[in-house]
Structures are given as C-alpha cells and as structure tokens.
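Down below is the structure, laid out as structure tokens.
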Amino acid sequence: MALTVVPAVGPVLERVLDDTFLLWHDGLTRENYGRYWAAQRKTAWGAAHLDRVALQDGPHTVASAKRYDLSLRIDGRIRRVLGIGAVFTAPAYRGRGAAKELLTRMMETAEAEGHEFAALFSEIAPSFYEQIDFVPVPLTERRLEVDRKGGGPPAMLVRSGDDRDLPAIAEMSAARAEGARLSVARSEDFIRFVVARQRLLAGLGPPGLRDVEFLVAEEGHQAVAYVLSVAHRGRWTIEDAGDRDPAGARLGAMLQVMLSRHPGEALPEIRGWLPHGLVPPQTRVAAAAPTPEVLMIRPLRDRRLPLPPLSPEEVAFWQGDRF
Ligand SMILES: CC(C)(COP(=O)(O)OP(=O)(O)OC[C@H]1O[C@@H](n2cnc3c(N)ncnc32)[C@H](O)[C@@H]1OP(=O)(O)O)[C@@H](O)C(=O)NCCC(=O)NCCS
C-alpha cells in the first residue's frame, strides 16, 4: 500500500462521515451529523484548531481521525498538544496496522509543527494506545446529590451566560487550573467553542433529546460562578462549571436554583468530572468512579518532559473540554 495522509475535505470527508456516523452520531441524522461537524469548524476556535485527516491508499480511505491543536497546562507550563479524536479504520482494512500508521504520521507532523505532547480519549481498551507509548491519566466522574432543603431556592441572580461573561469565566478557569498539574489552558475562544458545541449538538438533534443550560450567577454586574449543563435522558451532565469561591458555594446554590425550576417529579441524576476540591457545600458526592473514556497522553519527542503518573486530584479536566 502506498499510503498518504490528506486533509479530510470534499468527497473524502463525506466518506469519513459516512463511516463514522454509525458509531458517533449521538442521535443526529446523517445530514445533521455533517452539519454538526461543519458548524464546529466555522467557530473561531474550531477554524483554527480543529480538522480531520484521512489515511488514503490511492482513492480508498483506509482510516481517519480528528486532529485538535490544544493548549494544556502541564506542571505550570503551557504546552502545545496534539489532541486526537474519532480514530477509525474502515472495517475492510482493520488489523493491518492502519490506525497505528495514521497516528504515527499525525504525531510526526505535530512534532515538526512544534507540539510537545499528544493526547486522546480512549473508548477502547487502553492497551491499543499503550502499544504506541500513551499512558493513562486518571480522571474521576462524580455523581452529586444536591440538598434541596425547604424554603425555596436561594435568592440569587442567575441568568443565561453570554459573550460578556467569557473573560470572567476564563479567569475562574485559570484560577482553578493553578491547583492542578494538568488542565486545559482555556482561552475565551475555547470556552465559546465548548458552549457552542453543546448547543449545536442539542439544536441539531431531535427536539427534547438534549437540553443545554449555560447559566451564570451575577454579583455587581459580573459573573462570579457559572455552569454548563446538558440534560439528556434524565441525567444532567455538568460539562463545565466554575466559582470564584474555591469551595463552590455559589455553584451549589445555582444547582439548587436549577433543581427548583425543574418541573418533573423524578429528579435528574447529576454527574460531572468535577475537579478535586470543587464539591459545593450544598452537595454530597454519592458516587465517584474513573471516567468511562480514558484520557491518555505521551510526549512526542523529548522523553524528559514531565509525564504522569498523576493522581486524580492533580487533574482538572471538564467533560466539556473533551476532544
Ligand atoms: C480501533 C481501531 C481504530 C483499530 O484500527 P486498526 O487499523 O485495525 O488498528 P491496527 O491494525 O493499527 O491495530 C490493531 C489493534 O487494534 C486493537 N483493537 C481493535 N479494536 C480494539 C478494541 N475495541 N479494544 C482494544 N483494542 C482493539 C487490536 O487488538 C489490534 O491489536 P494487536 O495488533 O495487538 O492485535 C478500529 O478497530 C476501529 O475503527 N474501531 C471502531 C472505532 C473505534 O472504536 N475507535 C477507537 C476510538 S478510541
């Protein structure tokens, strides 16, 4: 096979979307699955930091993957990181080294472009990626129970978040990252992308399948806490959240407000990849477990770069940051 790596655009992109749709459609129609990708690429962050590549054998698309140009904060330094997603080999080509070939070539290119690490989320047994030197990073998903004490919801100004809140949100993210060894260095554009991605997925899906809430608590005309939550099949996933108060008391109060507005009898199950230490006092961690998808990372060239082992307490990574 004379293999080449090409940007997945035009007919190659359509082939890749056809191939990957069955696995990763998230409830979208095939048409909207294509729109979802195109719209992410049209955001300011997506246009500059996200694309797809394909491994071609002549006219045949053998394998493909998403490529993210990420900034992670690792041990206090901002590092450019190749984020890899949606690794897929066409069934007819499986078991012949195509995925490893594509990943190796992507990493060579990334290294030449100045990336220092590569990272991905493995939905399959991590052993596959361990073969090419990725190591797991521990991440914890927590299930929260919120105290719904009587007397009504807390009196606080909670409103929809929007563009003017992004500087305050970026500041809250940076403050939280201070205490972690690994986190995403989140620019305003990146945060806007995280919110837009959830809204697009909800908006392009069947009505009512997903509901997105992006809320801020305001004090003195400034966002002092925020939450991005997605309701899906009776579960609320906290995709992202933050609070000026390191203990998260305002975030807890926001969850109480959200629950007080929740019409149904059955209470939602609330989950999130809450960073260590951010367990609002109004909540209780009812369960904690490793995330189903395993974050994995490796240095690209310089083997002396700081590497895990990291403990779960040292990682601040929201589900909304997932790539
Ligand atoms: C996983 C996948 C990309 C591998 O593609 P491939 O081109 O066959 O991979 P390679 O030939 O380079 O490597 C084959 C290895 O993949 C491993 N593999 C395939 N599916 C696997 C799975 N579900 N769990 C763990 N390992 C898996 C095989 O065990 C094999 O390992 P071996 O060489 O030690 O036997 C392909 O099976 C696929 O597209 N699956 C569906 C999409 C998917 O799950 N992608 C991963 C998202 S994280």
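The values are calculated or read from the model by the stated rules, or taken from the named source; none is laboratory data. These figures come from a predicted structure and were not determined experimentally. Cβ: placed from backbone, ideal geometry, glycine included. Neighbour counts: every protein chain shown.
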**Fill in**
Residues in the stretch 210-245 that are more than 17 Å from residue 158 (Cα to Cα), in contact with a Lys or Arg (Cβ under 8 Å, 6 or more places away or on another chain) and not β-branched (Val, Ile, Thr) total 4
**Asked** Is there a residue being under 20 Å from residue 13 (Cα atoms) and near the ligand (Cβ under 9 Å from one of its atoms) anywhere in the stretch 67-78?
**Response** no
**Asked** Do the conditions hold for residue 54, that is, is it in contact (Cβ under 8 Å) with a residue 24 or more places away in the chain, surrounded by 15 or more Cβ atoms within 10 Å (Cβ to Cβ) and within 14 Å of the ligand (Cβ to nearest atom)?
**Response** yes
**Cβ pairs under 9 Å, 6+ apart, first in the stretch 19-30 and more than 10 Å from the ligand (Cβ to nearest atom), second among the acidic types (Asp, Glu)** = 30/18
**Message:** List the strands (runs of 3 or more DSSP E) inside the stretch 117-166, counting only whole elements, that have at least 1 residues being exposed (fewer than 11 other Cβ atoms within 10 Å of the Cβ).
**Reply:** 158-160
**Asked** If the Cβ limit is 6 Å and pairs must be 6+ apart or interchain, which residue in the stretch 228-240 that is modelled with pLDDT under 95 pairs with which residue that is not β-branched (Val, Ile, Thr)?
**Response** 234/268
**Asked** Taking the stretch 116-131, which residues are within 16 Å of the ligand (Cβ to nearest atom) and among the aromatic types (Phe, Trp, Tyr)?
**Response** 121, 128, 129
**Selection count, the stretch 90-115, where residues are at negative phi, more than 6 Å from the ligand (Cβ to nearest atom) and assigned to a loop (DSSP other than H, G, I, E, B)** = 3
**Asked** So which of 161, 179, 252, 151 is farther than 30 Å from residue 118 by Cβ, at pLDDT below 95 and not polar (S, T, N, Q)?
**Response** 151
**Request:** Could you please let me know if residue 198 is touching a helix residue (DSSP H, G or I) at 6+ places or on another chain (Cβ under 8 Å) and in the same structural domain as residue 99 (by TED's automatic domain parsing)?
**Result:** no
